[in-house]
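Single-structure report; data block below.
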Amino acid sequence: MLRQWRERRRLSQLDLALGADVSTRHLSFVETGRSRPSRDMIVRLSDQLNVPLRDRNRILLAAGYAPVYPETALSSTRMTPVREAVHQVLKGHEPYPAVVVDRLWNLLDGNASIGVLLAGVRDDLLAPPANGLRLSLHPEGMAPRIINLGEWRAHLLTRAERQLAVTGDEDLAELLDELRAYPCDQPEPDIEVPGPADVFVPLKLRHGDAELTFFSILTTFGTPLDITVAELAIESFFPADAATAAFLRNRPTSQPADSAS
């Protein structure tokens, strides 16, 4: 498992050994099973390889050690500061949409403004655990309302593919296969090449008679020591033009036609 992570990071044994301050010989013995690493050695090598906390626990279990990193339910009392911080960010971002997702882009929470994104989505797609990538690209999700579907689809798939390359997450790989099978009647750029005035890939969305344009920012927790916290991300959508900003500011805070939970 350590060798697989080293190869995924494209590091030689020498590179990893120097970074972890161990001998190349010892590292070689660990990778071939000739030497049993200590728990501290596994944690040190995993840290150098930037292995996700969930997978660090798997390596520890494979070596015969108890997992080090807890996975605490978000509803737990211990997670109260985390929930409060997340809710503060979500509430503070209104009237613009913001959502909380896990490592597979399942929606865990959202503010009152996400209804503008989810209007018209088929009800069963919103049933927990609703998945943000599936909601975006499914033909009965947001896709029919996305004006630049080919461009946005290519962006989302590329982002997920990069995440998969870093994490090797089998569940994400399965989700990607599903997403790639969804239809799209627009050209999809192979490479994200900006135009002369482009600084981000926009989300262009029809909403009634309006055309809204967004860009998004992803926020994660710094120095997480819990798997749940490490895998949380907040995606905040911002208006990319004055017309979108004005529409969102003047929009009623609650609209039954496009509300979401």
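The values are calculated or read from the model by the stated rules, or taken from the named source; none is laboratory data. Here the structure is a predicted model, which is why all the values come from computation and not from measurement. Cβ coordinates were reconstructed from backbone atoms using ideal geometry, including for glycine residues, and neighbour counts include every protein chain displayed.
Remarks
- Candidates G120, G150, G132, G141: the one that is of a type in the set (G, A, S), closer than 23 Å to D177 by Cα and in contact with a Lys or Arg (Cβ under 7 Å, 6 or more places away or on another chain) is G141.
- Of the candidates E151, E140, the single residue that is under 19 Å from the mean Cα position of the chain (by Cα), of a type in the set (D, E) and under 28 Å from D209 (Cβ atoms) is E151.
- Of all residues in segment 99-127, those being in contact (Cβ under 8 Å) with a residue 12 or more places away in the chain and not in a strand (DSSP E or B) number 18.
- You will find that of G132, G168, G120, the residue that is under 15 Å from the mean Cα position of the chain (by Cα) and modelled with pLDDT under 95 is G168 and no other.
- Residue count for segment 1-54 under the criterion of being of a type in the set (D, E, K, R) and exposed (fewer than 14 other Cβ atoms within 10 Å of the Cβ): the result is 9.
- Test: residue in segment 157-176 that is among the β-branched types (V, I, T), touching a His at 6+ places or on another chain (Cβ under 7 Å) and not in a loop (DSSP other than H, G, I, E, B): no
- Top-ranked residue in segment 53-94 [being assigned to a helix (DSSP H, G or I) and of a type in the set (G, A, S); ranked as farthest from D40 (Cα to Cα)]: G92
- Pairing each residue of segment 144-155 that is crowded, with 16+ Cβ neighbours inside 10 Å with any residue that is part of a helix (DSSP H, G or I), provided the two are 6+ apart or on different chains, yields C-beta distances under 6 Å for I146/W152; L149/A143; R153/L137.
- Here the helices (runs of 4 or more DSSP H) wholly within segment 1-52 that include at least 2 residues being farther than 20 Å from A230 by Cα and among the hydrophobic types (A, V, I, L, M, F, W, C) are 13-20, 24-32.
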